[in-house]
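This report refers to the structure that appears directly beneath it.
The values are calculated or read from the model by the stated rules, or taken from the named source; none is laboratory data. As the structure is a computational prediction, the values presented were derived from the model and not from experiment. Positions of Cβ are generated from backbone atoms using ideal geometry, with glycine treated the same way; all protein chains shown enter the neighbour counts.
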Amino acid sequence: MSDISYRGHDLIAADIANLKGAMDATGQTHGFLTSLAPGSAARIGNAHYKDEAEHIWAWADVMREEYKAIVDAGLTVQAR
């Protein structure tokens, strides 16, 4: 098994575009998107990393891409 990696680029881009479109249509100036928190993602199971800490940090590194896309779009990340 290899390191985990982020594959949701197109999906988060679509979510951002949809939210920004709705915000523009309603005159809203602030919005947020919910995203999976590293600790919650780590519940998926570890079959690769040497311990739980390394596994959670790997998830944090992976989810950073989604968090950055949300923030770069001027939105707030709500991690769950």
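What the table below lists for this structure:
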{"item": "All positions within segment 64-80 that are surrounded by 13 or more Cβ atoms within 10 Å (Cβ to Cβ) and either hydrophobic (A, V, I, L, M, F, W, C) or over 21 Å from ASP10 (Cα atoms) (or both)", "result": "ALA69, ILE70, ALA73, LEU75, VAL77, ALA79"}
{"item": "Hey, ILE16 part of a helix (DSSP H, G or I), of a type in the set (A, V, I, L, M, F, W, C) and over 10 Å from the mean Cα position of the chain (by Cα) or not", "result": "yes"}
{"item": "Qualifying positions in segment 43-80 - modelled with pLDDT under 95 and among the small types (Gly, Ala, Ser)", "result": "GLY45, ALA47, ALA53, ALA58, ALA60, ALA79"}
{"item": "When residues of segment 43-63 are limited to those that are in contact (Cβ under 8 Å) with a residue 24 or more places away in the chain and assigned to a helix (DSSP H, G or I), the one surrounded by the most Cβ atoms within 10 Å (Cβ to Cβ)", "result": "TRP59"}
{"item": "Among residues of segment 1-42, those that are without any contact (Cβ under 8 Å) to a residue 12 or more places away in the chain, farther than 17 Å from ALA69 by Cβ and either hydroxyl-bearing (Ser, Thr, Tyr) or surrounded by 12 or more Cβ atoms within 10 Å (Cβ to Cβ) (or both), counted", "result": "2"}
{"item": "Complete set of residues in segment 25-80 that are among the small types (Gly, Ala, Ser) and touching a Lys or Arg at 6+ places or on another chain (Cβ under 7 Å)", "result": "ALA37, SER40, ALA73"}
